[in-house]
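Engineer: Just passing along the structure, written as structure tokens.
Read-outs: derived from the displayed coordinates by stated rules, not from any lab. All values reported here derive from a predicted model rather than from experimental measurement. Note that each Cβ is placed from the backbone with ideal geometry, even for glycine, and that neighbours are counted across all protein chains shown.
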Amino acid sequence: MVKQVIPKSLDEALDYLYDGYYQVIGGGTDLMVQKRSTAETPPHFTNNLLYAFNLDELKFVRNSEHCLHIGSMTSLETLLHHDETPSMLREVILEMASPAIRNVATLSGNIANASPAGDSLVPLYLLDAQIVLLSKNQFRHIPIEKLIVGPRKTVIRNDEIIKDIAIPKLEFTKYKWTKVGGRLADAISKVSFLGAVHIENDQVLDLRIAFGAVYKTVIRNREIEKIFRNMSVQELKNRKDEIISHYELCILPIDDQRSNKEYRKKVALNMLSDFIMNL
Ligand SMILES: Cc1cc2nc3c(=O)[nH]c(=O)nc-3n(C[C@H](O)[C@H](O)[C@H](O)COP(=O)(O)OP(=O)(O)OC[C@H]3O[C@@H](n4cnc5c(N)ncnc54)[C@H](O)[C@@H]3O)c2cc1C
């Protein structure tokens, strides 16, 4: 029979997780849907569940010298209204789900669920977020792109819990987030795009591009970004077709119930083109 526990402290949670027989549940907004029963009966869980959403120790937004640390059980709605939340992350969260869902959904759930269409993953990849994992005997800091290894696949072990998400403090002079869904709110992305630049004296010092829902994981390619840094804005615009041809090779979407691969690829490349031409 499936066991369910509601630990009162993080230490108690780590004790339960130690043998690897419990699955963490945060807000449950992914898990409850994935395990729903078609017969209007309770969700059909096969793993023991550890409810973490009550752990106040994991509800925080804190600054260190170089990073913002977001406790894993901080709700998306709290982050949406928090002054310290990076503005691009706030913009993305505003388009995630609805207020009712955001009141319980968490960034850590979006990360561990590892859907290529997980919206918050796009800014977290772009901002070089590190995921802090905790088990009874170990702390691990893992860059998000190493943590997520495929659709719904991560390197999080059964005895670990995401403790917090560390987001480096970066400055951009301009960024653009675009999400295409079936409707304006409460919709899973068909395709999403986030571009950011830091421009000083007309020089593009930093250029970062991330796409959601057009590959097995979020796409961020540092090699391509490097080629197009340290040039003037006009030169970057002149080389737009070259940039697009690089990303054309990385964007390999799938057909599913939300969209088809031709549409996804075309829209993703159009969003990239618009971003560059509007710098
Ligand atoms: C109506 C609706 C609309 C939605 N709209 C969007 C949307 O617009 N964009 C979007 O990206 N998503 C959307 N979602 C999906 C979902 O709300 C998000 O992915 C959310 O961030 C999941 O967070 P959670 O805390 O509810 O995760 P949960 O369901 O609790 O968990 C999801 C996964 O993460 C694991 N997990 C959770 N917390 C931890 C932790 N601390 N440590 C280790 N593992 C952990 C769980 O074991 C599970 O595998 C929507 C869902 C619904 C129901």
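Engineer: Could you please rank PHE211, PHE275, PHE228, placing first whichever residue has the fewest other Cβ atoms within 10 Å of its Cβ?
Structural biologist: The most exposed by this proxy come first: PHE228, PHE275, PHE211.
Engineer: Would you mind ranking VAL61, VAL214 so that the residue whose beta carbon has the fewest other beta carbons within 10 Å leads the list?
Structural biologist: Fewest-to-most Cβ neighbours within 10 Å comes out as VAL61, VAL214.
Engineer: Taking N as the number of residues in the chain, what is its Cα Rg relative to 2.2 N^0.38 Å?
Structural biologist: Computed over Cα atoms of the chain, the ratio equals 1.04.
Engineer: While we're on this one: Neighbour counts of other C-beta atoms within 10 Å: give me MET88, MET73, MET1 arranged from fewest to most.
Structural biologist: So the residues, fewest neighbours to most, are MET1, MET88, MET73.
Engineer: Can you grab the distance from the C-alpha centre of the stretch 217-231 to the C-alpha centre of the stretch 90-112, Å, no decimals?
Structural biologist: First find each Cα centre; the distance between them is then 27 Å.
Engineer: Now a separate question. Rounded to the nearest 10 degrees, what's the angle between the helix 261-277 long axis and the longest principal axis of the chain, both from Cα atoms, 0 to 90?
Structural biologist: The angle comes out at about 60 degrees.
Engineer: Packing-wise, with mean Cβ within 10 Å as the measure, how do 123-136, 31-44 rank, highest first?
Structural biologist: Most protected by this proxy first, the peptides run 123-136, 31-44.
Engineer: Rounded to a whole number of µm²/s, how large is the Stokes-Einstein D of the stretch 174-277 at 20 °C and 1.002 mPa s, given Rh as the Kirkwood radius over C-alpha pairs?
Structural biologist: 152 µm²/s
Engineer: Follow-up question, since we're still on this one. Rank ALA117, GLN130, ALA210 by how far each Cα sits towards the positive end of the charge dipole of the stretch 117-225 (+1 on Lys, Arg Cβ; -1 on Asp, Glu Cβ) and give me just the farthest.
Structural biologist: Farthest towards the positive pole: ALA117.
Engineer: Nearest-5 percent of antiparallel DSSP beta bridges in the chain?
Structural biologist: Counting only bridges with both partners in the chain, antiparallel ones make up about 85 percent.
Engineer: Now, a different point. Give me a comma-separated list of calculated 3J(HN,Hα) values for the stretch 67-82, in order, Karplus coefficients 6.51, -1.76, 1.60 applied at θ = phi - 60°, integers in Hz, x for any Gly or Pro.
Structural biologist: 9, 9, 10, 10, x, 5, 9, 6, 6, 4, 5, 4, 5, 4, 9, 8
Engineer: According to the Cα gyration tensor, what semi-axes, each the square root of 5 times an eigenvalue, does the equivalent ellipsoid of the stretch 4-168 have, listed from largest to smallest in whole Å?
Structural biologist: 23, 19, 15
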